[in-house]
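Attaching a single structure in structure tokens format; questions to follow.
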Ligand SMILES: NC(=O)c1ccc[n+]([C@@H]2O[C@H](COP(=O)([O-])OP(=O)(O)OC[C@H]3O[C@@H](n4cnc5c(N)ncnc54)[C@H](OP(=O)(O)O)[C@@H]3O)[C@@H](O)[C@H]2O)c1
């Protein structure tokens with residue numbers, strides 16, 4: 001095979017506040033042919049995720065920051081188009097933590113093969129992938145919802161939130177979602193059968209939330225933090241559990257956020273608040289995927305994806321996460337499979 005030129009998207013500079021298109025730059029690079037144990041991949045789908053914003057800053061976190069001038073990396077689904085691997089063949093579909101680029105030359109051991117017969121391949125970036133597992137472990141291991149309890153989830157119409165709400169329904173809980181548009185509210189109520197959904201942008205958000213949670217709140221799955229979470233935490237019941245999954249409302253702040261001090265709320269309610277990173281559960285990923293796939297096949301779990309097409313649109317899709325553009329998992333489709 002003659003050598004291939006890949007397009008890449010790199011971090012041009014560290015964003016200040018809300019990221020902008022000018023924080024990214026485009027590059028082209030020739031890739032060698034694969035050597036023993038390597039494969040050449042063509043990108044099919046690229047995931048855009050809120051955690052990437054954290055990696056664009058240089059503050060200490062659970063993963064290393066992206067380097068300025070280097071390619072952005074994240075979840076990618078790709079097709080093997082040339083192989084010197086004994087495990088992977090031309091036409092196989094794989095997932096990996098790869099770069100924002102159109103082609104990749106990578107060692108076989110950085111990839112996991114996915115089964116295109118199990119479900120549409122893009123679901124491995126969403127409901128059967130990292131966000132689905134984040135919902136599964138945060139809710140079931142920390143939230144531990146019981147039948148008849150009230151579970152509140154913020155960021156409810158997103159990749160994680162939609163799965164949280166549906167697993168909570170499977171557990172027999174009353175589910176209250178918090179989201180930012182009427183279209184999202186309609187989707188959560190009509191398609192996912194959430195019991196109540198409240199718009200956090202409403203002037204009467206606090207009253208509407210209280211009205212929706214007449215028995216108080218037993219589990220609060222926190223995806224957004226900030227003022228939304230301040231309002232939720234006022235309503236927790238004794239013994240409440242609060243998985244802290246994300247704080248998207250704070251990711252673009254230029255100064256630290258000052259909010260109510262919540263320890264008294266936790267103390268008087270004997271409540272548990274616990275942060276987690278999905279990789280903490282790495283040893284149990286297979287169990288989660290099996291349960292999620294089973295619920296999907298049984299029709300007890302459904303999903304939606306917001307898919308934009310075109311490699312060059314990846315930064316815009318990423319920025320769209322902070323504007324609430326997506327319902328369900330936000331994905332960029334880069335190319336069709338060559339072998340079907
Ligand atoms: N702990 C972990 O291992 C882990 C793993 C994956 C994700 N996460 C976290 O989980 C959360 C959800 O991630 P996701 O992938 O499912 O993203 P997502 O919910 O699919 O997309 C982001 C959504 O957040 C909402 N949002 C944006 N800015 C907001 C703001 N200022 N205040 C309130 N809501 C805002 C928007 O919906 P609206 O229209 O409703 O505003 C947007 O659609 C994020 O905080 C992410 O960092 C954590």
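The values are calculated or read from the model by the stated rules, or taken from the named source; none is laboratory data. Just so you know, these numbers come straight off a predicted model, no measurement behind them. Cβ sites come from the backbone with ideal geometry, for glycine too, and all protein chains shown count toward neighbours.
Determine, yes or no, whether residue 323 is within 11 Å of the ligand (Cβ to nearest atom), out of contact with any strand residue (DSSP E or B) (no Cβ under 8 Å at 6 or more places or on another chain), under 22 Å from residue 49 (Cα atoms) and outside any helix (DSSP H, G or I).
Against the criterion (within 11 Å of the ligand (Cβ to nearest atom), out of contact with any strand residue (DSSP E or B) (no Cβ under 8 Å at 6 or more places or on another chain), under 22 Å from residue 49 (Cα atoms) and outside any helix (DSSP H, G or I)), residue 323 qualifies.
Scanning for something surrounded by 24 or more Cβ atoms within 10 Å (Cβ to Cβ), under 21 Å from the mean Cα position of the chain (by Cα) and part of a strand (DSSP E or B), does segment 98-114 turn up at least one residue?
Yes: one or more hits.
Only one residue in 164, 153, 160, 176 is under 12 Å from residue 245 (Cα atoms) and either in a strand (DSSP E or B) or out of contact with any helix residue (DSSP H, G or I) (no Cβ under 9 Å at 6 or more places or on another chain) (or both). Which one?
None of the others qualify; the one that does is 153.
Also, quick follow-up: So residue 191 ticks every box in (1) touching a residue at least 40 places away in the same chain (Cβ under 8 Å); (2) more than 23 Å from the chain's Cα centre (by Cα); (3) more than 26 Å from residue 268 (Cα to Cα) but one. Which box is left unticked?
Residue 191 satisfies every listed condition except (2).
Give the residue, chosen from 301, 321, that is buried (at least 18 other Cβ atoms within 10 Å of the Cβ) and over 29 Å from residue 227 (Cα atoms).
301
So residue 176 ticks every box in (1) within 13 Å of the ligand (Cβ to nearest atom); (2) farther than 24 Å from residue 75 by Cβ; (3) touching a residue at least 12 places away in the same chain (Cβ under 8 Å) but one. Which box is left unticked?
Failing condition for residue 176: (1).
Are any residues in segment 263-279 over 20 Å from residue 178 (Cα atoms) and either within 8 Å of the ligand (Cβ to nearest atom) or surrounded by 16 or more Cβ atoms within 10 Å (Cβ to Cβ) (or both), and if so, which ones?
Scanning segment 263-279 gives 265, 269, 271, 276, 277, 278, 279.
Return yes when residue 146 is out of contact with any strand residue (DSSP E or B) (no Cβ under 6 Å at 6 or more places or on another chain), in contact (Cβ under 8 Å) with a residue 24 or more places away in the chain and either outside any loop (DSSP other than H, G, I, E, B) or closer than 30 Å to residue 234 by Cβ (or both) and no when it is not.
yes
Right, something else. Sort through 212, 283 and tell me the only one that's more than 9 Å from the ligand (Cβ to nearest atom) and loosely packed, with under 13 Cβ neighbours inside 10 Å.
283
Moving to a separate point now. Evaluate the following for residue 244: is it within 16 Å of the ligand (Cβ to nearest atom) and crowded, with 23+ Cβ neighbours inside 10 Å?
In short, no.
Here's something else I'd like to know. Only one of 92, 49, 82 is closer than 26 Å to residue 167 by Cα, surrounded by 14 or more Cβ atoms within 10 Å (Cβ to Cβ) and in the same structural domain as residue 316 (by TED's automatic domain parsing); which?
The conditions single out 49.
Hey, does segment 14-31 have a residue that's crowded, with 20+ Cβ neighbours inside 10 Å, within 28 Å of residue 128 (Cα to Cα) and in contact (Cβ under 8 Å) with a residue 24 or more places away in the chain?
No, there is no match, as no residue in segment 14-31 is crowded, with 20+ Cβ neighbours inside 10 Å, within 28 Å of residue 128 (Cα to Cα) and in contact (Cβ under 8 Å) with a residue 24 or more places away in the chain.
Quickly run through segment 179-198 and pick out the residues that are within 11 Å of the ligand (Cβ to nearest atom) and surrounded by fewer than 18 Cβ atoms within 10 Å (Cβ to Cβ).
Correct list: 181, 182, 183.
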